[in-house]
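The values are calculated or read from the model by the stated rules, or taken from the named source; none is laboratory data. This one's a predicted model, so the numbers in the text were calculated from it and none came from an experiment. Every residue, glycine as well, gets a Cβ built from its backbone with ideal geometry; the counts of neighbours run over all protein chains shown.
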Amino acid sequence: MMNNTAKVILLASMLPFVANAAQELTPWYVGGGIGANNYEPNCDVKTMKSCGKDDPYAWDVFAGYLFNDYFGVELGYRDLGRAEWVDYANKMNDVGGKGMTLGVVGFWPIADLWSLSAETGLMNYLLSNNKEYGSEYYSDSGIAPYVGASIGYNISKNLKLQAKYRRYEGLDEDKWNTLAMDSNYWGFELSYRFGTPAPTVVAPTVVAAIDSDNDGVTDDIDRCADTPTTFKVDLKGCTIYAETTKQRDIGSIQFANNSSVVKMESYERIEKLATYMHLDPKTTVFISGHASDVGKADYNMELSDSRAKAIAQILVEQYDIAPSRIEAKGFGITQPIIEGNSAEANKVNRRIEVHITEVTKEALTK
């Protein structure tokens, strides 16, 4: 049986050697992988008594040569991990396979950076059994076929990441006829292709000074393409905007009789108002306080003012809204929702109202 060094030399001699310029991608690549392997079925191996477990860790290293963008050949070394079980003699078996591989690989691009691949080849394996924790160690070698498939993503022109599946058939120990195993492998592989991608050379083109969007500014200095012809534009061909303001009523908050204390149930609405103002820093708010028609008008004016300022204080102190963006003012009983001093009128009139002023931009037309 050939030693491993002789096998490497023999298999490597099958790969064609081509010298390439240092400033372009070469057909040569190298890589490594790690994943999980399952010997199937380790519970059906000969002289088995009870099922054990697989050591899931497997790895490989490889080198490859591409004949073109769709077909290549790979030489590698793989360790498939180990599996354990107890045989009918009540002895612990610890079995694993590893060895050299040689195979062909086909690639199919499916998108700009994605590709599918399939592979097939042979593994010159060494199958070993550390039986009874190594006290009855034995091994055997052979040739087993394998097939595989993967999906790959090109991280760069040189670097590719693949998610891979492989199936190995006939990992058998024929010397004593005690082991007959297959294997399934799932894992990830990272490969590096040698060389430097050739830069893309774009021939310069001469473009006539035209005005494609008819905005009065030629394309060579126009920074805003496809400007509507009805809009006014600046010297760079971009639309000129003017700011406009718009007020919006966002509702009211009720208060208890003769009180300017904000109810806990109202804090959720205040928080939503603060969040909205943080999202649009140009907004301002006007808080108007009101009172029911009970008691003296002067007292109700002060009470309504306190209610408006209580909301403003929460916005400033708890939600960090700038005081310059808030206006709070009391109106007493001068703006009732319901006239009179019935129980219903008093309830709805004890309130503050909130109006948001939004700043928007509108395009100027010719």
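Look at (1) surrounded by 13 or more Cβ atoms within 10 Å (Cβ to Cβ); (2) within 30 Å of Asn349 (Cα to Cα) and you find that Asp215 fails only one, number (2). Give region 121-150 a look and list any residue that's surrounded by fewer than 14 Cβ atoms within 10 Å (Cβ to Cβ) and either in contact with a helix residue (DSSP H, G or I) (Cβ under 8 Å, 6 or more places away or on another chain) or among the hydroxyl-bearing types (Ser, Thr, Tyr) (or both), or say none. Matches in region 121-150: Tyr133, Ser135, Tyr137. Every residue in region 226-272 that is surrounded by 15 or more Cβ atoms within 10 Å (Cβ to Cβ) and among the hydrophobic types (A, V, I, L, M, F, W, C), please. Within region 226-272, Phe231, Val233, Cys238, Ile253, Phe255, Val262, Ile270 qualify. Just one residue in the set Gly64, Gly81 is at pLDDT 95 or above, out of contact with any Lys or Arg (no Cβ under 8 Å at 6 or more places or on another chain) and either surrounded by fewer than 20 Cβ atoms within 10 Å (Cβ to Cβ) or not charged (D, E, K, R) (or both); that residue is Gly64.
The listed residues are Trp176, Trp114, and the only one of them that is under 34 Å from the mean Cα position of the chain (by Cα) and more than 20 Å from Asp60 (Cβ to Cβ) turns out to be Trp114.
The criterion of being polar (S, T, N, Q), at pLDDT below 95 and farther than 17 Å from Gly251 by Cβ does not hold for Thr357. Residues that are surrounded by fewer than 18 Cβ atoms within 10 Å (Cβ to Cβ) and free of Cβ contacts under 8 Å to residues at least 60 places away in the same chain were ranked within region 275-292; the one that is nearest to Ile337 (Cα to Cα) is Thr275. Inspect region 84-97 for any residue being closer than 20 Å to Leu171 by Cα and at pLDDT below 80 and give the result as yes or no. The answer is yes; a qualifying residue exists.
Is it the case that some residue within region 251-258 is in a strand (DSSP E or B), in contact (Cβ under 8 Å) with a residue 60 or more places away in the chain and under 39 Å from the mean Cα position of the chain (by Cα)?
Taking region 251-258 first, the residues in a strand (DSSP E or B) are 251-254.
Then drop every residue that is not in contact (Cβ under 8 Å) with a residue 60 or more places away in the chain, which leaves 251-254.
After this cut, where a residue has to be under 39 Å from the mean Cα position of the chain (by Cα) as well, the list is none.
Looking for residues that are in a strand (DSSP E or B), in contact (Cβ under 8 Å) with a residue 60 or more places away in the chain and under 39 Å from the mean Cα position of the chain (by Cα), one finds none in region 251-258, hence no.
The residues listed here are Ile326, Ile356, Ile338; of these, the one that is hydrophobic (A, V, I, L, M, F, W, C), out of contact with any His (no Cβ under 9 Å at 6 or more places or on another chain), within 30 Å of Phe231 (Cβ to Cβ) and surrounded by 12 or more Cβ atoms within 10 Å (Cβ to Cβ) is Ile356.
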